[in-house]
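S.K.: Okay, here's the structure, questions in a sec.
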Amino acid sequence: MPESLNFSFLVVHDQQLVRLGALAERYFADDPNTCLIKLRQFGELLAQLAAANIGLYEVADERQIDLLNRLRDRGLIKGEVDRLFHELRKIGNQATHELSGNHRTALSGLKYALALGIWFHRSLFCGLQIVGVVEAKRQSKDVCEALAQHIDPSLPEKTLIFCATDGHADIVVNQLKQAVHSHIMCRYSQIVSQQHRNS
C-alpha cells in the first residue's frame with residue numbers, strides 16, 4: 001500500500017482511504033487530473049463510510065450527490081463539511097469528464113480531502129457529533145513542536161503543512177514560529193552550556 005504522511009492516520013478506518021490519499025499526493029506534481037480523480041474517489045468512500053457508521057448506507061451504486069444530500073438532510077453533514085464534500089465531487093467530476101485539472105485545483109482538493117479526513121476521524125474517535133471540521137489547537141501545537149526539531153529556517157527547503165481551514169492555518173503558522181524559536185533558543189542554550197564546560 002502506498003504511504004502517505006498526510007492521510008496515514010485514516011488507516012484505522014479503511015486502508016483504501018489511505019491508498020487513495022497517497023495516490024492523490026503522488027500524482028499531484030506530474031498529473032493533477034489523476035490527482036483530482038483519486039480525490040473524488042476518496043470523497044465518495046469517505047461519505048459512504050460516514051453513512052455506514054450511523055446505519056444510513058443503503059446501496060453501493062448510489063450517486064454521490066444523492067448520498068451527500070441525504071446525509072445533509074439527516075443532519076450528518078452541515079456547513080463547511082457539506083461544502084467540502086461537494087467541492088471534491090465537482091472538481092473530481094470535471095477532471096473525469098472534461099479532462100481538466102491544474103496544480104492549484106489539485107492542491108485545494110488535497111486540502112479539502114485532508115480536512116474531511118480529520119473531520120471523519122475526530123468525529124468517530126472523539127465521540128463528537130459529525131457537524132464540522134474540528135480545529136484542535138492542542139494537537140496542532142504538539143505537531144508543530146515535533147516539526148520544529150526537524151526544520152532549519154536557514155535552509156532553502158520548504159515545509160508543506162496541510163491545514164483544515166484558513167483559520168487553522170493561521171494558528172499553525174503562529175504555533176510553528178513559536179516552536180521553532182523555542183527549539184533554536186534551547187539548542188543555543190545547550191551549545192553555550194557545552195562551551196562553558198569545555199573552557
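S.K.: What is the distance, in nm, between label points placed 7 Å from the Cα along the Cα-to-Cβ direction at Ser100 and at Gln178?
M.R.: 4.1 nm
S.K.: Find how much the distance from Glu62 to Lys90 grows on full extension, using 0.36 nm per residue of separation minus their present alpha carbon separation; answer in nm with one decimal. All intermediate terms of the calculation are to be shown ahead of the outcome.
M.R.: Numbers: separation 28, 0.36 × 28 = 10.08 nm, distance 1.63 nm.
Extending this stretch completely gives an extra 8.5 nm.
S.K.: Continuing with the same structure: So what are the ³J(HN,Hα) numbers for the range 56-63, from phi and the Karplus equation (6.51, -1.76, 1.60; θ = phi - 60°), rounded to whole Hz, Gly and Pro as x?
M.R.: For the range 56-63, the Karplus-derived couplings read 9, 7, 10, 9, 5, 9, 5, 4 Hz, x marking Gly and Pro.
S.K.: Tell me, what is the Rg over Rh of the range 26-72, with Rh the Kirkwood radius over Cα pairs? Don't skip to the answer; put the middle values down first.
M.R.: Values: Rg = 12.8 Å, Rh = 11.6 Å.
My calculation of the ratio gives 1.10.
S.K.: Related question: Pick out, in residue order, every one of the GluC sites (Glu not before Pro) in the range 58-102 that is DSSP loop and has at most 14 other C-beta atoms within 10 Å; say none if there are none. Kindly include the intermediate steps, with their values, before the conclusion.
M.R.: Working: sites: Glu58, Glu62, Glu80, Glu87, Glu98; in loops: Glu58, Glu62.
When the GluC sites (Glu not before Pro) of the range 58-102 are filtered for loop state and at most 14 Cβ neighbours within 10 Å, Glu58 remain.
S.K.: In nm, what is the difference between 0.36 nm times the number of residues separating Ser189 and His121 and their Cα-Cα distance?
M.R.: Working: separation 68, 0.36 × 68 = 24.48 nm, distance 3.92 nm.
Gain on stretching Ser189 to His121: 20.6 nm.
S.K.: Output ³J(HN,Hα) for the range 83-91: one whole-Hz value per residue in order, computed from phi by the Karplus curve 6.51 cos²θ - 1.76 cosθ + 1.60 with θ = phi - 60°, and x for Gly and Pro.
M.R.: These are the phi-based 3J(HN,Hα) values: 4, 5, 4, 5, 4, 4, 4, 5, 5 Hz.
S.K.: Where Rh denotes the Kirkwood radius from the mean inverse Cα pair distance, what is Rg over Rh for the range 8-134?
M.R.: 0.95
S.K.: Between Arg74 and Glu3, with labels modelled 7 Å along Cα→Cβ, what's the label distance in nm to one decimal, could you check?
M.R.: With each label placed 7 Å out from Cα toward Cβ, I get 3.7 nm.
No value in this document is a laboratory result; all are computed from the given coordinates. Keep in mind that this is a model prediction, so the values were computed, not measured. Note that we place each Cβ from the backbone using ideal geometry, even for glycine, and neighbour counts take in every protein chain shown.
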